[in-house]
Structure formats: C-alpha cells, structure tokens
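> The structure is given below, and queries will be raised subsequently.
The values are calculated or read from the model by the stated rules, or taken from the named source; none is laboratory data. Predicted model only: the values in this text are computed from it and were never measured. Note that each Cβ is placed from the backbone with ideal geometry, even for glycine, and that neighbours are counted across all protein chains shown.
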Amino acid sequence: MKIIKKILIAIAALVALFLIAALILPDAYHVKREVTIQTPKDTLFNYLKNLKNQDDFSVWNKMDPNMKKSFKGTDGTVGAVSSWKSDSANVGSGEQEIINIADGQRIDFELRFFEPWQSTDYAYFTTEAVDSAHTKVTWGFNGKMPYPWNVMLLTMDMDEMLGKDLEQGLQNLKSEMER
C-alpha cells in the first residue's frame, strides 16, 4: 500500500509541475519567412491578396488534390473567406478570412481550424519594394497554444515545423511570379 501511495504522490507532483510550468511558459509563437521576387510590388501585392491564388503556391493547398474548397465574398477584399474540407488528417477542415488590407503593404488573415483540432490563428503577407522590379515578400504566422497544452512548445519547434512550409510556399510563389 505504501508503494502505491508513493507512486500516486509522485504522479500528482508531476501533474502539478506540468500545470505550473504551463502557467509560466509563453502560449504564443511567431514564424515568418521572406523571399525577394523579380516582380514589381503592385503586381505581386494584387496577386497575393486574392485567396484563390494561394492554390498556385501554398504547400497546404496542394496537400490534398481531392480537398473540397469554397469561397464567399469578393476575393481580394476584406471579408472574403476561403474554406476547405479534406478527409486527410494532415489537412482537416477550416477557413481563412481576409481581415485587413493595407493597400500595397500588408494583408492579414484569420485562420479558423475546425478539424483535426480547433484553433484560431493569424497569418499575413507583407510586400516591400527592393527596387522597381523586385519585391521582398514576408509570410508570417502567429499562433497560440492554449493552457495547459502550451507546455508542448518546449518540445515542438514551431519555427522549424511551419517555417519549412512557408519557405516552400514562398519558393513556389517566386517560381509562379517569375515565369
């Protein structure tokens, strides 16, 4: 009986430690990547603000060719929504809404994931003219891990996990725009 009691106390202490650590640790993460593309800023910005164009370069949009997609609103304007549903656990279902456009500079999106987990995160594109023929594009992602699961950020490298997909997407975008 004493051994069981000691085991239960040790388990309770580990759970308490886990919960206390989650209180102290950050719950947010930020990942961004950038690339310079040989395309004038206005041309590139106008391309990026249309949700349907993400099918041409986004790694996530290419993961399941059988994914069901729908669009609401006027693409390229605040309030436009792109929805997806896939049987693939890597894709799941959700929607992306344009929530802000600073013309020629920045596009902000709210990402609402429904399956395989529920969360709301934010992404953005910024464009900056390098010269009249080249534009630096930044693709960023801001996410949150809810308490107490934020302790998982200790073992998950979100920069590496999301960063490689952002990098590949930007390289796809570069290829698409420089064709």
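> With the structure loaded, tell me whether Gly104 is in contact (Cβ under 8 Å) with a residue 40 or more places away in the chain and part of a loop (DSSP other than H, G, I, E, B) or whether it fails that test.
Numbers: in contact (Cβ under 8 Å) with a residue 40 or more places away in the chain: yes; part of a loop (DSSP other than H, G, I, E, B): yes.
Against the criterion (in contact (Cβ under 8 Å) with a residue 40 or more places away in the chain and part of a loop (DSSP other than H, G, I, E, B)), Gly104 qualifies.
> I want to confirm something. Restricting to the stretch 115-133 and keeping residues that are modelled with pLDDT under 95 and either in a strand (DSSP E or B) or of a type in the set (Val, Ile, Thr) (or both), which single residue is surrounded by the fewest Cβ atoms within 10 Å (Cβ to Cβ)?
Here the residue is Thr120.
> Asp55 is checked against (1) free of Cβ contacts under 8 Å to residues at least 40 places away in the same chain; (2) farther than 30 Å from Lys136 by Cβ and fails just one. What number does that condition carry?
(2)
> From (1) of a type outside the set (A, V, I, L, M, F, W, C); (2) loosely packed, with under 14 Cβ neighbours inside 10 Å; (3) more than 28 Å from Asp159 (Cβ to Cβ); (4) in contact (Cβ under 8 Å) with a residue 24 or more places away in the chain, pick out the condition that doesn't hold for Lys68.
For Lys68, the failing item is (4).
Here is a yes/no grid of residues against (1) touching a Ser or Thr at 6+ places or on another chain (Cβ under 9 Å); (2) farther than 20 Å from Asp165 by Cβ:
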| site | (1), (2) |
| --- | --- |
| Lys69 | yes, no |
| Asp75 | yes, yes |
| Ala80 | yes, yes |
| Ser83 | yes, no |
| Arg112 | yes, no |
| Glu115 | yes, no |
| Ser119 | no, no |
| Phe125 | yes, no |
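> Can you tell me which of (1) closer than 21 Å to Gly143 by Cα; (2) assigned to a helix (DSSP H, G or I); (3) among the hydrophobic types (A, V, I, L, M, F, W, C) is the one Val31 doesn't meet?
For Val31, the exception is condition (2).
> Across the stretch 157-179, which residue is surrounded by the most Cβ atoms within 10 Å (Cβ to Cβ) among those that are small (Gly, Ala, Ser) and under 24 Å from Ala133 (Cβ atoms)? I'd like the intermediate steps shown before the answer.
So in the stretch 157-179, the residues small (Gly, Ala, Ser) come out as 163, 169, 175.
Pick out the ones that are also under 24 Å from Ala133 (Cβ atoms) and you get 169, 175.
Details: Gly169: 21, Ser175: 12.
Only one residue fits best here, namely Gly169.
> Another question about this same structure. Condition (residue is among the β-branched types (Val, Ile, Thr), farther than 28 Å from Arg179 by Cβ and surrounded by 15 or more Cβ atoms within 10 Å (Cβ to Cβ)) applied to the stretch 82-95: is it met by at least one residue?
No, the conditions are met nowhere in the stretch 82-95.
> In addition: Of the residues Asn90, Asn66, Asn50, Asn61, which single one is under 18 Å from Glu110 (Cβ atoms) and modelled with pLDDT under 90?
Values: Asn90 fails: under 18 Å from Glu110 (Cβ atoms); Asn66 fails: under 18 Å from Glu110 (Cβ atoms); Asn50 fails: modelled with pLDDT under 90.
The match here is Asn61.
> Being modelled with pLDDT of 85 or more and under 24 Å from the mean Cα position of the chain (by Cα) is the filter; apply it to the stretch 1-38 and report the residue that is surrounded by the fewest Cβ atoms within 10 Å (Cβ to Cβ).
If we take residues in the stretch 1-38 being modelled with pLDDT of 85 or more and under 24 Å from the mean Cα position of the chain (by Cα), then His30 is surrounded by the fewest Cβ atoms within 10 Å (Cβ to Cβ).
> Next up: Search the stretch 141-162 for residues being not hydrophobic (A, V, I, L, M, F, W, C) and not in a loop (DSSP other than H, G, I, E, B), and hand back the single one that is modelled with the lowest pLDDT. Can you show your working first?
Start the filter on the stretch 141-162 by keeping residues that are not hydrophobic (A, V, I, L, M, F, W, C), which leaves 142-144, 146-148, 150, 155, 157, 159-160.
Narrowing the set further to residues that are not in a loop (DSSP other than H, G, I, E, B) leaves 142-144, 150, 159-160.
Values: Asn142: 88, Gly143: 80, Lys144: 79, Asn150: 62, Asp159: 77, Glu160: 80.
Looking at residues that are not hydrophobic (A, V, I, L, M, F, W, C) and not in a loop (DSSP other than H, G, I, E, B), I get Asn150.
> Does at least one position in the stretch 40-62 carry a residue that is in a strand (DSSP E or B) and closer than 27 Å to Glu178 by Cα?
Quick first cut of the stretch 40-62, residues in a strand (DSSP E or B) only: none.
Taking every residue of the stretch 40-62 in turn, none turns out to be in a strand (DSSP E or B) and closer than 27 Å to Glu178 by Cα.
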